[in-house]
1. Check residue 140 against each of (1) touching a Gly at 6+ places or on another chain (Cβ under 7 Å); (2) surrounded by 14 or more Cβ atoms within 10 Å (Cβ to Cβ); (3) at pLDDT 95 or above and name the one condition it does not meet.
2. Among (1) under 19 Å from the mean Cα position of the chain (by Cα); (2) of a type outside the set (S, T, N, Q); (3) assigned by TED's automatic domain parsing to the domain that holds residue 181, there is one condition residue 82 misses while meeting the rest; what is its number?
3. For the subset of region 196-210 comprising residues that are surrounded by 14 or more Cβ atoms within 10 Å (Cβ to Cβ) and of a type in the set (D, E, K, R), which member is nearest to the chain's Cα centre (by Cα)?
4. Assuming residue 115 fulfils every condition listed in (1) farther than 24 Å from residue 162 by Cα; (2) within 12 Å of the chain's Cα centre (by Cα); (3) not charged (D, E, K, R) apart from one, which condition is it?
5. Please pick out the residue among 156, 166, 180, 161 that is buried (at least 16 other Cβ atoms within 10 Å of the Cβ), farther than 26 Å from residue 75 by Cα and of a type outside the set (Val, Ile, Thr).
6. Condition (residue is touching a Phe, Trp or Tyr at 6+ places or on another chain (Cβ under 8 Å) and at pLDDT below 95) applied to region 103-111: is it met by at least one residue?
Amino acid sequence: MARYIGPVCRLCRREGTKLFLKGERCYTEKCAIEKRNFIPGQHGQARKQKIVGYGLQLREKQKTRRVYGMLETQFRNTFEKAAKMDGITGHNLLFLLERRLDNVVFRMGFGTSRPQSRQIVRHGHIQVNGRKVNIPSFVVKPGDVVEVREKSRNNAAILAARDTTAHQPSPNWLEVDREALKAKVLGHPKREDLVQIQINDQMIVELYSK
């Protein structure tokens with residue numbers, strides 16, 4: 001699966017907000033938003049035009065897509081899947097994104113960022129219901145047990161991430177056992193569980209409905 005491999009700090013600068021793509025660095029003065037909070041590029045500081053209508057919808061979609069580390073085709077496919085589900089399309093989209101395996105590992109606190117969590121999954125350190133799963137886009141369901149594989153329980157990166165994120169609360173839809181390096185999916189995420197970054201899902205729906 002293709003993925004973005006360029007500098008991620010410029011993505012935050014383009015959206016004008018922290019996307020938390022660099023883990024702990026995003027909470028320090030080294031964060032690009034803290035040092036250069038303007039659009040990247042030669043004329044970034046001079047581009048202060050007002051964004052309205054389609055531009056706002058596009059920026060909201062781009063922000064959400066970049067938060068979860070997805071390219072356009074994969075994000076659009078996820079939206080179309082959400083549109084076919086019962087309920088509010090925007091909420092369904094966010095719930096599908098939250099239940100991606102790489103995001104679940106991030107929410108468990110075993111990765112300091114979603115990109116690191118994606119790498120942990122890709123390298124085969126995670127299993128779901130006792131079976132190894134190395135597909136970051138795998139969608140968990142209520143009742144699933146996600147845990148670090150036995151041979152990866154001494155992985156330095158995972159243990160360091162667990163200790164670094166020890167102060168962060170786990171979402172209500174996950175029952176996390178940090179010592180056992182595992183979690184159980186209790187149910188579906190709720191809209192109020194998405195607190196780190198404010199996302200206007202209705203704008204995304206309006207954009208794709210044009």
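The values are calculated or read from the model by the stated rules, or taken from the named source; none is laboratory data. Worth saying up front: this structure is predicted, and the values here are computed from it rather than measured. Note: ideal-geometry Cβ built from the backbone for every residue, glycine included; neighbour counts use all protein chains shown.
1. Condition (1) is where residue 140 drops out.
2. (3)
3. The extreme case among them is 201.
4. Of (1) farther than 24 Å from residue 162 by Cα; (2) within 12 Å of the chain's Cα centre (by Cα); (3) not charged (D, E, K, R), only one is false for residue 115: (1).
5. Values: 156 fails: buried (at least 16 other Cβ atoms within 10 Å of the Cβ); 166 fails: buried (at least 16 other Cβ atoms within 10 Å of the Cβ); 180 fails: buried (at least 16 other Cβ atoms within 10 Å of the Cβ).
Result: 161 is the single residue among 156, 166, 180, 161 that is buried (at least 16 other Cβ atoms within 10 Å of the Cβ), farther than 26 Å from residue 75 by Cα and of a type outside the set (Val, Ile, Thr).
6. At the first step, the residues of region 103-111 found to be touching a Phe, Trp or Tyr at 6+ places or on another chain (Cβ under 8 Å) are 103.
Among the residues that remain, those that are also at pLDDT below 95 are: 103.
For region 103-111, residues touching a Phe, Trp or Tyr at 6+ places or on another chain (Cβ under 8 Å) and at pLDDT below 95: present.
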